[in-house]
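First up is the structure itself, then whatever we jot down about it.
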Amino acid sequence: AMLKGLAGVPAQPGLNAIVVTGPLMAEDDRAKLRAEAIGLPATIVAFTDRMRPLLESADLIVTMGGYNSMLETAALGKPTINIPRSGPSQEQSIRAELFARFGLLTHVPLESATPGRLTEEISAGLNRRPTPTIALPMNGAQCAAEKLLAIASKANGRKRPPVFTRGSTLHVVA
């Protein structure tokens, strides 16, 4: 869908889409994408171990909206178009709707991802300024550990859970 949308974007100096399909895409499907990309400013690759620098250098990111991709684009503040898959669960769509509410991306449901709509969104996205990065809390593991320690302390009758700092070793005895 993205390549059909890209086909309608007026030519611009330096415009080059790098499409990372992921290594799990069937080679036949990747070959179809490569054929569709002929004549477009697009390169199709299965995998890159330089995803972060690639995202950092992008003027616009179009993503299916996996968990890591969404957090990376939000952290970078890059203009982003999210086209979540339709199944097997709704987690990508739910996340896209929430991120869109915060102004972090443009959510385009798969059923609305027509070539015309994507041409409009890509053109607008290329002209959109990056959003200021937001401070997302990235201490989920620490918060989870603190909550678990609090629960364990209550069960053992302790008033305060032990304090652990970075580098501390936590020994769990069952």
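Would you check which residues across the range 1-15 are open to solvent by 60 Å² or more (accessible area, probe 1.4 Å) and farther than 21 Å from Pro109 by Cα and list them?
Initially, the range 1-15 is screened for residues open to solvent by 60 Å² or more (accessible area, probe 1.4 Å), giving 1, 4, 7, 10-14.
Those that are open to solvent by 60 Å² or more (accessible area, probe 1.4 Å) and farther than 21 Å from Pro109 by Cα: Pro10, Ala11, Gln12, Pro13, Gly14.
Which members of the range 21-50 meet the condition of being of a type in the set (Asp, Glu), part of a helix (DSSP H, G or I) and either open to solvent by 90 Å² or more (accessible area, probe 1.4 Å) or modelled with pLDDT under 95 (or both)? Lay out the reasoning, then the answer.
Residues of the range 21-50 of a type in the set (Asp, Glu): 27-29, 36, 49.
Now narrow it down to the ones that are part of a helix (DSSP H, G or I): 27-29, 36.
Within the range 21-50, Glu27, Asp28 meet the criteria.
What do you reckon, is Ile18 in contact (Cβ under 8 Å) with a residue 24 or more places away in the chain, under 18 Å from Leu126 (Cα atoms), open to solvent by 80 Å² or more (accessible area, probe 1.4 Å) and not charged (D, E, K, R)?
Values: in contact (Cβ under 8 Å) with a residue 24 or more places away in the chain: yes; under 18 Å from Leu126 (Cα atoms): yes; open to solvent by 80 Å² or more (accessible area, probe 1.4 Å): yes; not charged (D, E, K, R): yes.
Spelling it out, Ile18 is indeed in contact (Cβ under 8 Å) with a residue 24 or more places away in the chain, under 18 Å from Leu126 (Cα atoms), open to solvent by 80 Å² or more (accessible area, probe 1.4 Å) and not charged (D, E, K, R).
Among the residues of the range 68-80 satisfying the criterion of being out of contact with any helix residue (DSSP H, G or I) (no Cβ under 8 Å at 6 or more places or on another chain) and among the small types (Gly, Ala, Ser), which is least open to solvent (accessible area, probe 1.4 Å)?
Just the residues of the range 68-80 that are out of contact with any helix residue (DSSP H, G or I) (no Cβ under 8 Å at 6 or more places or on another chain), to begin with: 68-69, 71, 75, 77.
Cutting the leftovers down to among the small types (Gly, Ala, Ser) gives us 69, 75, 77.
Numbers: Ser69: 47, Ala75: 40, Gly77: 2 Å².
Among those residues, the one meeting the criterion is Gly77.
Within the range 81-105, work out how many residues are under 18 Å from Leu126 (Cβ atoms) and surrounded by 13 or more Cβ atoms within 10 Å (Cβ to Cβ).
Summing the residues that are under 18 Å from Leu126 (Cβ atoms) and surrounded by 13 or more Cβ atoms within 10 Å (Cβ to Cβ) in the range 81-105 gives 5.
The values are calculated or read from the model by the stated rules, or taken from the named source; none is laboratory data. Keep in mind it's a predicted model, so treat the numbers as computed, not measured. All Cβ positions, even for glycine, are placed from backbone atoms using ideal geometry, and neighbour counts span all protein chains on display. We work out accessible area using only protein heavy atoms, side chains counted, and drop any ligands, DNA or RNA first. Shrake-Rupley method; radii C 1.70, N 1.55, O 1.52, S 1.80 Å.
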